[in-house]
Amino acid sequence: MKSSLNAAMTPEAGELGGAVVSLQQVTKIYPDGNVQALAGVTLDLPEQAFVSVMGPSGSGKSTLLNLIGGLDLPTSGRVLFRGQSLATHQQLDKLRSQTIGFVFQTFHLLPNLTARENVQLPMFGDGRSDAQRESSAAELLALVGMADRQQHLPGQLSIGQRQRVAIARALANQPALLLADEPTGSLDSASGTAVMDLLSRLHCELGMALVVVTHDKAVASRADRTLHMLDGRVVGDTVTS
């Protein structure tokens, strides 16, 4: 499906081939329990890449995703977004809201808002009028196959449909980078396959980088590249397609 969003979300020609995010000797230690979640990770994520991250529980996958998305900062080392350190970024909240989308296993939809209203939430404060927000939300819901469920509350939707709404919300501000933490973890196999089909299609159509954390080898195999983590380190980096 072609959309007016495509042109806006595709990186400028000068950005193609560069790194959207770079990690340089990144370590993360949580003081509570003195847990070292990451240990000297160095990594480049190119623009428009599709990367999966695998590893056992406690290997550092979610911590890596949080650092890539600017939800947390490293204990040492640097995380760069298009060459700029997140630790010294003057408007980190604005960077996250405008250029990075997040998809979570548990959706985080507000139960008292309709699908369209949930998708509009990240748009407030960016200067769009009510009509523009409603139009954008409707277009995004159509993009993820939810055009006929716009006025439904989350409780009126299946689990797979809720994840589709969450994906539409993650796309609200045309992100250059979409981060998905176990996006199929709460879904049955058929719904999980449908969600991964959707994410793969959106990655291709919208030209954004996509990072998916997963325990599922079938999900990981959809990516172009798979990182394998163990004890806070990247111990494998495999081209998967």
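Identify, please: which residue in the range 72-129 is among the aromatic types (Phe, Trp, Tyr) and either modelled with pLDDT under 90 or farther than 21 Å from residue 206 by Cβ (or both) and is, among those, surrounded by the fewest Cβ atoms within 10 Å (Cβ to Cβ)?
Among those that are among the aromatic types (Phe, Trp, Tyr) and either modelled with pLDDT under 90 or farther than 21 Å from residue 206 by Cβ (or both), it is 124.
Would you please name the residue that is farthest from the chain's Cα centre (by Cα), looking only at residues in the range 206-221 that are assigned to a loop (DSSP other than H, G, I, E, B) and under 15 Å from residue 20 (Cβ atoms)?
In this case the residue turns out to be 207.
Going through 86, 113, 95, 121 one at a time, which residue ends up being in contact with a His (Cβ under 8 Å, 6 or more places away or on another chain) and among the aliphatic types (A, V, I, L, M)?
None of the other options fit; the residue is 95.
Here are some residues: 174, 163. Which one is polar (S, T, N, Q), out of contact with any His (no Cβ under 6 Å at 6 or more places or on another chain) and in a loop (DSSP other than H, G, I, E, B)?
It is 174.
Please find, among 180, 194, 190, the residue that is within 24 Å of residue 51 (Cβ to Cβ) and part of a helix (DSSP H, G or I).
194
Only one of these is out of contact with any Ser or Thr (no Cβ under 9 Å at 6 or more places or on another chain), surrounded by fewer than 19 Cβ atoms within 10 Å (Cβ to Cβ) and among the aliphatic types (A, V, I, L, M): 194, 170. Name it.
194
Scan the range 111-135 and report the pairs whose first residue is at negative phi and in contact (Cβ under 8 Å) with a residue 24 or more places away in the chain and whose second residue is surrounded by 12 or more Cβ atoms within 10 Å (Cβ to Cβ) and of a type in the set (Lys, Arg), with Cβ atoms within less than 6 Å and a gap of 6+ or a chain change.
That search, which allows pairs on different chains as well, returns 115/149; 118/169; 119/169; 120/133; 123/133.
Need a quick list: strands (runs of 3 or more DSSP E) entirely within the range 31-141 having at least 1 residues that are hydroxyl-bearing (Ser, Thr, Tyr).
35-46, 50-54, 76-81
The values are calculated or read from the model by the stated rules, or taken from the named source; none is laboratory data. All of these numbers come straight from a predicted model, not from anything done at the bench. Counting neighbours? That spans all protein chains shown, and the Cβs are built from the backbone with ideal geometry, glycine included.
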